[in-house]
Each structure stands twice: as C-alpha cells, then as structure tokens.
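The values are calculated or read from the model by the stated rules, or taken from the named source; none is laboratory data. Remember, predicted model here, so these are calculated numbers, not experimental data. Every residue, glycine as well, gets a Cβ built from its backbone with ideal geometry; the counts of neighbours run over all protein chains shown. Each accessible area value is taken on the protein alone, full model and side chains, heavy atoms only, with ligands, DNA and RNA left out. Shrake-Rupley method; radii C 1.70, N 1.55, O 1.52, S 1.80 Å.
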Amino acid sequence: HAAVTEWAGWLDLVALHLFITYMLLYDLAVLRRRSTRWFLWSFTAVNVALAAAFWPLDNGYGKYSIGTLLAATLIVEYLLARPATPVSRQRRWLWAAIGSYGAGQIVWWMFREGAAWCRPESPFQGHTLWHLLAVATVTLVFLYLRSERTA
C-alpha cells in the first residue's frame, strides 16, 4: 500500500470502483441492451467522476460508495437472473464470489489495525489472508461473467 500514503489509499479506492463499476455497468448494458460504446463511455465517465469526488483523500466516504455500488450490482444481478433476460450465467460462481467477499470482509474486520486479533509481530497476517480472498473473489467473478450465454 505504498507505505500507507494517502495517495495509495486513493488508488486502492479507485481500483475498487473500477472493479465494481465494470460489473454493474456491464450488467446494465446487457439488461438494457446497450452498445459496447455506451458501456465504455459510461464506465469512463462514472469512474472519472468517482476518482475526482474522492481526490480530497481520506474523506472517509469510500466505504459508503463501495457499499452502494455493491448493493446496486446485486440488485441488477437479481434482475438479470429472471428468465426473460437476454443472458444466462452459472450463478454458482456468483454465490461463491459473494461468499469469498464476505469471508474477506470478516477477516479484514478481525485483523484491522487496533482490533484484538491484529498482531503486527506475528508471522501470520490476516491482511495476507484478506488479499488471497480478494484474489479468489476476482477470479470467481471472472468465471461467473465468462459463463455467460445469450438466450
């Protein structure tokens, strides 16, 4: 995390926004039958706006934007799961991704700075486990999106 600098924290947040908005806007494009051009313009505009909004660094609202985007993505995923939608996907990958993400959130909470399980001198670091679960989540989301079949 670049020696825990503010700009590195901002880049972490930008990366999370990029990941979540990709899935959300891609799903909206599929659901609304929008073009690739619409997706690319929307993805760029939304992420430039989010990056600019959070540039003041350390404003503490990043967790709310991530939570809101995740909730919106899950709502759109629910809408895409209906039989009348133009695509079908193997939902097991999505459920596994949600489980991995949830486990990662629990690990992060238990091992965050100042928490009872935070032991910087320990050879086992919860933050390492969090990163591994994040990799698993991204991989599972990839497998989920890759399983897409048009109806």
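Brief remarks follow.
- Cleavage-rule hits, trypsin sites (Lys or Arg not before Pro), region 1-102, DSSP coil, Cβ neighbours within 10 Å at most 10: Arg32, Arg33
- Distance between the modelled labels on Arg112 and Tyr64, one decimal in nanometres: 1.6 nm (7 Å Cα→Cβ projection).
- Site-free segments of the chain were taken between GluC sites (Glu not before Pro) in DSSP loops having at most 11 other Cβ atoms within 10 Å, sites themselves excluded; the longest one is 1-112.
- Nitroxide proxy distance, nm - points 7 Å out along Cα→Cβ at Trp55 and Arg119: 4.4 nm
- Distant-in-sequence amide H partners of Val87 (H built 1.01 Å from N, under 5 Å): Ala151
- For region 1-93, applying the loop criterion from DSSP together with a ceiling of 15 other beta carbons within 10 Å to the chymotrypsin sites (Phe, Trp or Tyr not before Pro) yields Tyr61.
- Per-atom-type breakdown for the chain gives carbon and sulfur 69% of the accessible area (1.4 Å probe, protein chains only).
- Charge tally for Phe142 (other residues, Cβ to Cβ under 13 Å; Lys, Arg +1; Asp, Glu -1): +1.
- For Tyr78 and Arg32, the FRET efficiency from 1/(1 + (r/R0)^6), where r spans their Cβ atoms and R0 equals 22 Å, is about 0.90.
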